[in-house]
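Report on the following structure.
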Amino acid sequence: MSIEGHSSAPGANVIVEHYCEHRLADGTRCKEWGGWGHSPSPAVPTRWWCWEHFPYKTFEQEQALRRKLEAA
């Protein structure tokens, strides 16, 4: 695999790992990957959650998640 065409700008090839920001009842953080981010504007840093804890789901998405968790 060639790196031709990749950016040489500082920080361009940095991988940022973001995990779910949800705090569990015991105070520890959820250990799931935070694949669902949200920021109200470009000036505000993005916050990340796993799908289970993502607070911006629609009612239908929330119901589907509940059915999935109950079936498991």
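The values are calculated or read from the model by the stated rules, or taken from the named source; none is laboratory data. These numbers were taken from a predicted model, which means no experiment stands behind them. Counting neighbours? That spans all protein chains shown, and the Cβs are built from the backbone with ideal geometry, glycine included. With ligands, DNA and RNA removed, areas are computed over all heavy atoms of the protein, side chains included. Shrake-Rupley method; radii C 1.70, N 1.55, O 1.52, S 1.80 Å.
Suppose all protein chains stay in the model; what accessible area per residue would a 1.4 Å probe give for the range 1-66, in Å²?
Numbers: 5460 Å² over 66 residues.
Value for the range 1-66: 83 Å² per residue.
What does the charge count near Y19 come to, summing +1 for each Lys or Arg and -1 for each Asp or Glu among other residues with Cβ under 15 Å from its Cβ?
Details: positive: R23, R29, K31, R47; negative: E17, E21, E32, E52.
Every neighbour counted, the sum reads 0.
Could you work out the relative contact order of the chain? I mean the mean sequence separation of Cα pairs under 8 Å and 6+ apart, divided by the number of residues, in percent.
Details: 66 pairs, mean separation 15.4, N = 72.
Answer for the chain is 21 percent.
For helix 59-71, report the angle its Cα long axis makes with the longest principal axis of the Cα atoms of the chain; keep it between 0 and 90° and round to the nearest 10°.
Once rounded, one gets 70 degrees.
Calculated from the structure, log10 I(q)/I(0) by the Debye sum over Cα atoms at q = 0.20, 0.28 Å⁻¹ equals which of [x] -0.75, -1.15; [y] -0.89, -1.14; [z] -0.96, -1.25?
[z]
As a test of the formula, what do you get for the chain when each DSSP H run with n ≥ 4 contributes -39,500 (n - 2.57) and the sum is divided by the residue count, at 222 nm and rounded to the nearest 500 deg cm²/dmol?
Values: 1 runs with 13 residues, N = 72.
The per-residue figure over the chain is -5500 deg cm²/dmol.
Of the listed peptides 15-28, 45-58, what is their order by residue-averaged count of other C-beta atoms within 10 Å, with the highest listed first?
Values: 15-28: 10.4, 45-58: 14.7.
Most protected by this proxy first, the peptides run 45-58, 15-28.
Measure off, as a whole percent, the carbon and sulfur share of the 1.4 Å-probe accessible area of the chain, all protein chains present. Don't jump to the answer; show the numbers that get you there.
Values: 3500 of 6190 Å².
Percent of accessible area from carbon and sulfur atoms in the chain: 57.
Under a plain spin-label model, where a point goes 7 Å from the Cα along Cα-to-Cβ, how far apart in nm are E60 and L24?
If labels sit at E60 and L24, their model points lie 3.3 nm apart.
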